[in-house]
Amino acid sequence: LIRQMLNAVNPDSVLNSVLRLQRFYTRYATSDSNRIACANWIRDRLIAYGCDSVYAATFYAGYGPNVVGIEKGKLYPNPKRYCLIGGHFDDVPSSGYAPGADDNASGTTAMLEAARVMKNFNFENTIRFCGFNAEEQGLIGSDSLAAWARSQGDTIFGALCYDMIGYVTAPDSDIMRLR
């Protein structure tokens, strides 16, 4: 099953997602570019990738929301017991062009690509896909979601949270060949 999912990852889909996220003027958590444009784009992707429901989870006035997509489990659709796959979509600085390809278009893209690939598989338990916000201000979005889940008595029995997975350090030998 894992091999099938890995084989379904599409490099063009990954590249297009990173490039699209880079094209937002900024994804700073309090900017309209983040709160409206980027959050809506992520919502639209999760809907297109077949999530059973998608919602914006607001936490503090002025900050963009977390964007959550829910894929109900086929055997255990309990919305209070789930695995979580996430990545934060905000970046810095607050003004000026801030592509944030690695931090964190790469993590957001991994979450979105997981949603795209996993729509074609049936899972026993519910999966939540989350685009976290305001992580650059101190993990505010994920902390908010965790506190909310705890207050609701949710059981999160697994989490993959991607952050800065696109950075590659070239070995010295590769750098020497480039000169």
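Cα convex hull of the chain: how many Å³ per residue?
Value for the chain: 134 Å³ per residue.
Run the reach check for Lys74 against aspartates and glutamates, Cα to Cα strictly under 17 Å, same-chain hits fewer than 8 apart removed. What comes back?
Asp52, Glu124
To the nearest 500 deg cm²/dmol, what mean residue ellipticity at 222 nm is calculated for the chain from DSSP H runs of n ≥ 4 alone, each contributing -39,500 (n - 2.57), summed and divided by the residues?
-10000 deg cm²/dmol
Can you tally the net charge around Ala114? Count Lys and Arg as +1, Asp and Glu as -1, for every other residue whose Cβ sits under 12 Å from the Cβ of Ala114.
+2
Which ³J(HN,Hα) values in Hz, rounded to whole numbers, follow from the phi angles of region 10-18 under the Karplus curve 6.51 cos²θ - 1.76 cosθ + 1.60, where θ = phi - 60° and Gly and Pro get x?
For region 10-18, the Karplus curve yields 10, x, 5, 4, 4, 4, 4, 5, 4 Hz.
In region 38-87, which trypsin sites (Lys or Arg not before Pro) fall in coil by DSSP and have 14 or fewer other Cβ atoms within 10 Å?
Lys74, Lys80
For the chain, calculate the relative contact order in percent as a whole number, restricting contacts to Cα pairs under 8 Å that are 6 or more residues apart.
27 percent
Taking region 74-157, which GluC sites (Glu not before Pro) meet the DSSP loop condition and have no more than 10 other C-beta atoms within 10 Å?
Here the GluC sites (Glu not before Pro) that fit, given the DSSP loop and packing criteria, are Glu124.
Nearest 0.05, what FRET efficiency do Ala61 and Gln4 give at R0 = 35 Å with Cβ-Cβ as r?
It comes to 0.20.
Whole-Hz ³J(HN,Hα) for each residue in region 46-61, computed from phi via Karplus 6.51 cos²θ - 1.76 cosθ + 1.60 with θ = phi - 60°, x for glycine and proline: what do you get?
5, 5, 4, 8, x, 4, 5, 8, 9, 8, 9, 9, 7, 9, 10, 4
Each value in this text was obtained by applying a stated rule to the coordinates, not by laboratory testing. Worth saying up front: this structure is predicted, and the values here are computed from it rather than measured. Here the Cβ is made from the backbone with ideal geometry for all residues, glycine too, and neighbour counts use every protein chain on show.
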